[in-house]
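What follows is a short report on a single structure.
The values are calculated or read from the model by the stated rules, or taken from the named source; none is laboratory data. All values reported here derive from a predicted model rather than from experimental measurement. Heads up, the Cβs are rebuilt from the backbone with ideal geometry, glycines too, and the neighbour counts pull from every protein chain shown. Protein only, heavy atoms only, side chains kept; ligands, DNA and RNA dropped before computing areas. Shrake-Rupley method; radii C 1.70, N 1.55, O 1.52, S 1.80 Å.
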Amino acid sequence: MQALEQQVLRVDAAGVPLEWVDYQEAVRLYYLGRVVYSLGRTVYRVRGGVNARTGRRTVIAVQAIVATASDRRAIKKALARCTPPLSNATLFRRDAYLCLYCGRRFRRRDLSRDHVTPLSRGGTDTWNNVVTACKRCNHRKSGRTPEEAGMQLLAVPFTPSHAEYIYLQGRRVLADQMEFLLGHIPPTSPFHQRLRWYRH
């Protein structure tokens, strides 16, 4: 069993990853009968009150992945147009907390967002133009391009797909949740390289 802080992956009935929910929302979905199926291990059991008629105590076993009924066409249409919002937290996770210039791993507080093409030179604050950099490398590069600064990027920046973004938002992704999300990420995605970085 996991601690109640463990997030549950919510997907639609067709298996499209939607979001992470906390234990209260997961229990609410079970209680309201909105869970059409669930997958993975049981992450926790939540005990409720005692039924006056039967004398039995209510117990809801919450699994790692819960599927809820939804309008599949509307979700697919929304996901196709969706570009995930950019934040430092998800950017640093995308790049596995590595400075993409010096290649060293840092704590979050020692990292910064670097614009490959600087904003002052017409660059944009978008996924495809930003990388994780340690503060030292970011200062060294300053308002120049990597080529001008004589610095080489270790990997190309990319915009995460919806499934990749869901992973990046997870606080502690369990093995069965990870396996499910990987099923929605093409093998050619640069995301797989980032996952290998996490293991080293």
Exercise. Mind listing the phi-derived Karplus ³J(HN,Hα) values for the range 32-41, rounded to whole Hz, using 6.51, -1.76 and 1.60 with θ = phi - 60°, and x for any glycine or proline?
Worked result: 7, x, 8, 7, 8, 6, 9, 9, x, 6
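Roughly how big is the chain's charge dipole about its Cα centre, with Cβ charges of +1 (Lys, Arg) and -1 (Asp, Glu), in debye to the nearest 20?
Details: 33 positive and 15 negative charges, 101 e Å.
Computed charge dipole of the chain: roughly 480 debye.
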Seminar exercise, completed: For the range 166-181, in residue order, the Karplus 3J(HN,Hα) values (coefficients 6.51, -1.76, 1.60; θ = phi - 60°; whole Hz; Gly and Pro = x) are 4, 4, 4, 7, x, 7, 8, 7, 6, 4, 5, 5, 5, 4, 5, 5
For this session: Find the accessible area per residue for the chain; the probe is 1.4 Å, ligands and nucleic acids are left out, and the unit is Å².
Result: 57
Exercise. Roughly how big is the range 82-121's charge dipole about its Cα centre, with Cβ charges of +1 (Lys, Arg) and -1 (Asp, Glu), in debye to the nearest 20?
Worked result: 160
Exercise. Relative contact order for the range 101-200: what is it in percent, counting Cα pairs under 8 Å that are at least 6 residues apart?
Worked result: 22
Problem set entry | Among 102, 61, 84 - extreme Cα towards positive end, dipole of the range 27-139, charges at beta-carbon | 61
Exercise. Summing -39500 (n - 2.57) over the DSSP H runs of n ≥ 4 in the chain and dividing by its residue number, what mean residue ellipticity at 222 nm do you reach, to the nearest 500 deg cm²/dmol?
Worked result: -8000 deg cm²/dmol
Problem set entry | Heavy-atom accessible surface of the chain: percent carbon and sulfur, 1.4 Å | 50
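For a quick check of your reading of the filter: which chymotrypsin sites (Phe, Trp or Tyr not before Pro) in the range 132-185 sit in a DSSP loop and have no more than 16 other Cβ atoms within 10 Å?
Details: sites: 158, 165, 167, 180; in loops: 158.
Counting only loop positions with at most 16 other Cβ atoms within 10 Å, the chymotrypsin sites (Phe, Trp or Tyr not before Pro) in the range 132-185 are 158.
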Exercise. Using a 1.4 Å probe, how large is the accessible area of residue 148, given in Å² and rounded to the nearest 10?
Worked result: 90
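Relative contact order, percent, of the range 27-166 when contacts are C-alpha pairs under 8 Å separated by at least 6 residues?
Details: 189 pairs, mean separation 26.1, N = 140.
Dividing the mean separation by the residue count of the range 27-166 yields 19 percent.
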Exercise. Gap in Å between the Cα centre of the range 32-48 and the Cα centre of the range 109-179?
Worked result: 36
Seminar exercise, completed: Karplus ³J(HN,Hα) for the range 9-16 (6.51 cos²θ - 1.76 cosθ + 1.60, θ = phi - 60°; Hz, whole; x = Gly/Pro) runs 7, 9, 10, 7, 4, 8, x, 6
Exercise. Residue 36's amide H: which non-local residues (gap 5+, or another chain) put their own amide H closer than 5 Å, with H modeled 1.01 Å from N in plane and none for Pro or chain starts?
Worked result: 67, 68, 69
